[in-house]
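The values are calculated or read from the model by the stated rules, or taken from the named source; none is laboratory data. Owing to the predicted nature of the structure, the values given are computational and were not obtained by experimental measurement. Every residue, glycine as well, gets a Cβ built from its backbone with ideal geometry; the counts of neighbours run over all protein chains shown. For the accessible areas, the whole protein counts, side chains as well, though only heavy atoms, and no ligand, DNA or RNA atoms are used. Shrake-Rupley method; radii C 1.70, N 1.55, O 1.52, S 1.80 Å.
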Amino acid sequence: MNCRTITVSLLTVVLSVLSSKNMSAYVGFEAGYQRYSYKTKVAEKARLFNGFYVGMSDNIKLFKAISISPGLQYSFGSRYDERVSFLGLSAKKTTQEHFIEAPLRIKLLFPLGRRSSLILYAGATFSYSISGETTYEFNRTSKEDPLLSYKYDYYNGDISSENIPDKIKELINKNLDKNKYNRFDVLLGGGGGVFFGNTLIIHIGYELGMINRYLNNDSDSISKNNLHIGASFLF
């Protein structure tokens, strides 16, 4: 089953659920920490990112112990690499990404007491990258020195720089991964948590990216895997 088929099937489920008249729903605010990685077939180590997410979700009760939870959220991730040097100039290398994501999860509830329940869930997250770029920012010996920076947008393939000498540009171009990335991804996974007093859910989950994010690399593939820990407040 390809990603397009999965997407159509899940959206069909959402429309069917939302068109149902016999259901109860709780709107929720979500926020949490995420640690995700990009892993290629060629590289030995994955590139790790730290970040956060915030958003809204519905907890729609289908049956006594089964609910569906569609949502919409903004997420951010960043990676800081060790300082690098070009012709004696030291630079800080950072990568930042911004996403709009729509998780869709099926939840199972198992009562633990009068006011709490164990939750297990599984589903998909549809992810679209708003932006992603790698930046080299060079040290300045004084405030009067001009700012030297170099940026590469790996979704558009655009390069921008300020006051960078041509020789340093050449060195960066030789060492920089200039693969272009696909903005869209579908991640599948699951997790669990605890539901307190029909108001607060503390949860942890893990997702695997289903789509090769490389657009211009036929010899390698890259996928995103995501660990997230968060809280949902229902009202």
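For the chain, with the dipole built from +1 on Lys and Arg beta-carbon atoms and -1 on Asp and Glu ones, taken about the Cα centre, which of Ser37, Ser161, Phe138 lies farthest toward the positive end? Checked the options; the winner is Ser37. Summing charges over all other residues whose Cβ lies under 12 Å from the Cβ of Ile66, with Lys and Arg as +1 and Asp and Glu as -1, gives +4.
If R0 is taken as 25 Å, the Cβ-Cβ distance between Leu208 and Leu118 corresponds to a FRET efficiency of 0.60. In this structure, the pairs whose alpha-carbon distance is over 32 Å, taken from Lys143/Lys224; Lys143/Lys174; Lys92/Lys224; Lys39/Lys169; Lys41/Lys64; Lys93/Lys224, are Lys143/Lys224; Lys41/Lys64. Multiplying the residue separation of Asp153 and Arg47 by 0.36 nm and removing their Cα-Cα distance gives an extension gain of 36.5 nm.
Classification of the chain by its C-alpha gyration tensor yields a prolate form. The axis ratio a/c (a ≥ b ≥ c) is 1.5 or more, and a/b outweighs b/c. Under the combined filter of DSSP loop state and at most 13 neighbouring Cβ atoms within 10 Å, the stretch 37-94 retains these trypsin sites (Lys or Arg not before Pro): Lys41, Lys45, Lys64, Arg83. Under the combined filter of DSSP loop state and at most 14 neighbouring Cβ atoms within 10 Å, the stretch 136-192 retains these GluC sites (Glu not before Pro): Glu144. Just to be sure I understand: with springs between alpha-carbon atoms less than 10 Å apart, which residue in Asn225, Asn139, Asn179 has the highest mean-square fluctuation in the Gaussian network model of the chain? Among Asn225, Asn139, Asn179, the largest GNM mean-square fluctuation belongs to Asn139. Taking every C-alpha pair closer than 8 Å and separated by at least 6 residues, the mean separation divided by the residue count of the chain gives a relative contact order of 19 percent. Computed from point charges on the beta carbon alone (+1 for Lys and Arg, -1 for Asp and Glu), the dipole magnitude for the stretch 163-235 about its Cα centre is near 200 Debye. Its Kirkwood hydrodynamic radius, worked out from the mean inverse distance over all distinct Cα pairs, puts the stretch 84-211 at 18.3 Å. In this Cβ point-charge picture (+1 for Lys and Arg, -1 for Asp and Glu), the chain has a dipole of about 800 debye about its Cα centre. Near Tyr121: Cβ cut-off under 9 Å, other residues only, Lys/Arg at +1 and Asp/Glu at -1. The net charge is +2. In terms of accessible area, using a 1.4 Å probe and ignoring ligands and nucleic acids, Leu118, Leu148 rank largest first as Leu118, Leu148.
Surface composition of the chain: carbon and sulfur make up 58 percent of the accessible area, probe 1.4 Å.
Angle of helix 3-18 to the longest C-alpha principal axis of the chain, folded into 0 to 90 degrees and rounded to 10: 40°. Here the stretch 71-100 and the stretch 187-235 have alpha carbon centers that stand 21 Å from each other. When the chain is treated as a GNM with alpha-carbon contacts under 10 Å, the residue of Thr141, Thr94, Thr125 showing the greatest mean-square fluctuation is Thr141.
Remark: spin-label model distance Ser160-Glu137 equals 1.5 nm, labels positioned 7 Å along the Cα→Cβ axis.
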